[in-house]
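The values are calculated or read from the model by the stated rules, or taken from the named source; none is laboratory data. What you see is a predicted model; the values in this text were computed from it and never measured. So basically every Cβ, Gly included, is an ideal-geometry build from the backbone, and we count neighbours across all protein chains shown. Each accessible area value is taken on the protein alone, full model and side chains, heavy atoms only, with ligands, DNA and RNA left out. Shrake-Rupley method; radii C 1.70, N 1.55, O 1.52, S 1.80 Å.
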Amino acid sequence: MSIMLLILLQFVLVSCAPPRCDPGFRGQCKPTVEEKPKCTDVLLSYCDDMPYTQTMFPNIIGHKSREEAEAGAEYLLISVIESLLGGECNPEIRMLGCSVLAPRCEKEKVLKPCRSTCEAAHKKCSHAFEGIEMAWPYFLDCDRFFVSDEEGCYDPLEGLKADQDLEAFDSMEMLPPEESATSMQFTYHSNAQMISTLKKTEEQCSDIARTYSIGRSMEGRELLVIEFSSNPGQHELLEPEMKYIGNMHGNEVMGRQLLIYLAQYLCSEYLLGNERIQTLINTTRIHILPSMNPDGYEVAVSGIQDNNYGDDEEGHHYDTWNIGRNNAQNIDLNRNFPDLTSIAYNRRRQKGHRTDHIPIPDYYWFGKVAPETYAVMKWIRSVPFVLSANFHGGDLVVSYPYDLSKHPLERNMLSPAPDDQVFKFLARAYANTHETMSNENAQCGPSRAHSQKGIINGAQWSSFAGGMQDFNYLHTNCFEVTVELGCDKFPPEDELSLGWHQNHEALLTFMEAAHLGIKGIVKDEEGNGIKGARISVQRIRHDITTGENGEYWRLLIPGIYIVSATAPGYTRAMKKVYLPPGMHTAGRVDFVLLKAAEEPDMQEEDSTIPSIDSYDRFDPYNQFERYTLMANLSHNREERAEKPWWWSYFVLPGGPAPTWLLKHY
């Protein structure tokens, strides 16, 4: 009975089943027709302000539905991009991402966004991603997912640009003219914000500003310089070049902020027609490195934040006094340059000794050379700098060479350089125009016992070897001083505005001092510039050498001088020069050297002086290259093992790891 029931049940199921598809019977089979994708409403909440309302799935990167797009790391990234980049490049990056994740749909057809818009955003915003060590998102690859105007693209930022133009118009009506240019925010800038500000300044003043990198820190952070010139990127004949360097010690931060503000100020004032700033930029090539030690700055910021949980202010100051001072290798960068001062002292009794263009001794390269030091040394050697200042904190004074005492035991002792009078003049130029530095009642720190109205000889104050200002003077044509900006190394944020107010006139006055003294060209009888000719000033045992095209600059204070020019194979030429007080531009003094046999006294002098070949031997054994290669390999391994702070936000349970976010993967 049960068997019959089972057979009957099978018969019923077969008879009730739909007829099988048999190609032999016409009309019995109907082919399956897949519905074509249609335009649908944009329902992604972070894309609801796009200049269109219809999209289509699959989208440009293959998400088949809105739900799949919302579940991806790509959509998560654009949803948090504002906080991730600290407000930078938002909503541009978000809207570009939406143009790929929820592309524009018209007449049942997907339209692709314009490549030119993507490329402009990449140029403007790539540094913001570098600042958090994140790779440029793959779905914003301008060549893969964006097309040209000829291919019928559309501008995904069209609505945004219209809003920005309207906002700009409104702000022009509301704000006075002087506030329409780049405004300074008196807050501490993170490394990413600093780079972003410099890039924005470059973009706003593209005719006179340029950013460029001189290298990277031990932890891979960019050492970014912003340059101001009437012809950025090129040296101009007889135009002096000067530099400012801040944050050499990572926890001494006022100089870093001042140099960021200075870059913004130079840009905005030039655009507003400030004649003084326009003259300065049109006649001087200015280089600004706000942070030489970005790694130390990160440590210093963390130390300050950690100590802010305590209530004891004295303890707070003591605990943070040296946090972040050194670089990531725990190297004090202002003790890491070659000690050329000792070499100069050891040669004092030699006939014909010199205190200029002293070569870097080979043994230096077998020590521990920081990548930041190496980058700055190469920079100093590659640009014909005339004048420089580096900024520190912990005192209120301008110090000048030498930094190393001539005392046999290196005890603090007045140790003037041959150009002592010039250095004092330069130091006073800054101290006297600073709001309080030359006021004895405002003095603070250990320099008070010996400083004179805000200036002091470095070795008399605190003797040390391997300093940057001595290296500049003894290795190149550049004269550098050190500016201590106050006894609080990391002052409260509300003091930044006061710091700018106290220093901005001094910053400008010191830059103008690059035009102090004389300048000119040394040529042969045929009018060709002579490179490497020596410019000597009687009674000052420190020479300047000519650069490309035979040009030179020689900083001198007002007075009467006997100046001579010499070069191997040429006769000596001499001129008497009078520099009256109040000169605002360097006096022009050219020389023409006649061919002659080398002078005997020159031969005798050269026997005690290393040849130019010795001077040109920069890292002759490639010690630093091998060292940095090992450091980079180690660093890359660490980066692979230790993911960035933001990584955990993008790793979704059960989903693939978004390794495309990792810069060094």
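Below, the figures for the structure above:
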read-out	value
Checklist (1) modelled with pLDDT of 95 or more; (2) crowded, with 18+ Cβ neighbours inside 10 Å applied to residue 454, failing item	(1)
Qualifying positions in the stretch 106-144 - assigned to a strand (DSSP E or B), over 26 Å from the mean Cα position of the chain (by Cα) and surrounded by fewer than 22 Cβ atoms within 10 Å (Cβ to Cβ)	106, 109, 110, 111
Members of the stretch 483-498 that are over 10 Å from residue 393 (Cβ atoms) and open to solvent by less than 20 Å² (accessible area, probe 1.4 Å)	496
In the stretch 237-248, the residues that are part of a loop (DSSP other than H, G, I, E, B), touching a strand residue (DSSP E or B) at 6+ places or on another chain (Cβ under 7 Å) and open to solvent by less than 10 Å² (accessible area, probe 1.4 Å)	240, 246, 248
Residue among 345, 374, 364 that is open to solvent by 10 Å² or more (accessible area, probe 1.4 Å), within 29 Å of the chain's Cα centre (by Cα) and more than 20 Å from residue 289 (Cβ to Cβ)	364
Subset of the stretch 411-444 that is within 30 Å of the chain's Cα centre (by Cα) and farther than 25 Å from residue 543 by Cα - its residue that is most open to solvent (accessible area, probe 1.4 Å)	435
Tally, over the stretch 182-197, of residues that are assigned to a loop (DSSP other than H, G, I, E, B), touching a helix residue (DSSP H, G or I) at 6+ places or on another chain (Cβ under 7 Å) and open to solvent by 20 Å² or more (accessible area, probe 1.4 Å)	5
Filtered residues of the stretch 566-594 (kept if open to solvent by 30 Å² or more (accessible area, probe 1.4 Å) and among the small types (Gly, Ala, Ser))	582
Near pairs, Cβ below 6 angstrom, 6+ apart or cross-chain, from the stretch 527-551 (of a type outside the set (Lys, Arg)) to any residue that is in a helix (DSSP H, G or I)	529/549; 529/550; 530/550
Every pair of residues 6+ apart whose Cβ atoms lie under 6 Å, when the first sits in the stretch 61-82 and is in the same structural domain as residue 129 (by the TED database) while the second is open to solvent by 40 Å² or more (accessible area, probe 1.4 Å) and of a type in the set (A, V, I, L, M)	66/43
Of the criteria (1) closer than 20 Å to residue 283 by Cα; (2) surrounded by fewer than 21 Cβ atoms within 10 Å (Cβ to Cβ), which one residue 229 fails	(2)
Some residue of the stretch 33-49 being assigned to a loop (DSSP other than H, G, I, E, B), modelled with pLDDT of 90 or more, out of contact with any Cys (no Cβ under 6 Å at 6 or more places or on another chain) and open to solvent by less than 100 Å² (accessible area, probe 1.4 Å)	yes
Spans of strands (runs of 3 or more DSSP E) in the stretch 505-554 with at least 2 residues aromatic (Phe, Trp, Tyr) and within 21 Å of residue 577 (Cβ to Cβ)	551-554
Candidates 440, 410, 435, 480, filtered to the one that is on the phi > 0 side of the Ramachandran plot and either touching a residue at least 12 places away in the same chain (Cβ under 8 Å) or of a type outside the set (S, T, N, Q) (or both)	410
Failed item, numbered, when residue 234 is tested on (1) in contact with a strand residue (DSSP E or B) (Cβ under 9 Å, 6 or more places away or on another chain); (2) in contact (Cβ under 8 Å) with a residue 12 or more places away in the chain	(2)
Matching entry among 387, 404 (being open to solvent by less than 20 Å² (accessible area, probe 1.4 Å) and in a loop (DSSP other than H, G, I, E, B))	404
Residue check, residue 595 within 27 Å of residue 370 (Cβ to Cβ) and at pLDDT 70 or above	no
Any helices (runs of 4 or more DSSP H) falling wholly within the stretch 270-370 and containing at least 1 residues that are modelled with pLDDT under 95, of a type in the set (Gly, Ala, Ser) and within 28 Å of residue 504 (Cα to Cα)	294-307
Matching residues in the stretch 198-215 - criterion: being within 10 Å of the chain's Cα centre (by Cα) and either surrounded by 18 or more Cβ atoms within 10 Å (Cβ to Cβ) or small (Gly, Ala, Ser) (or both)	198, 199, 211, 213, 214, 215
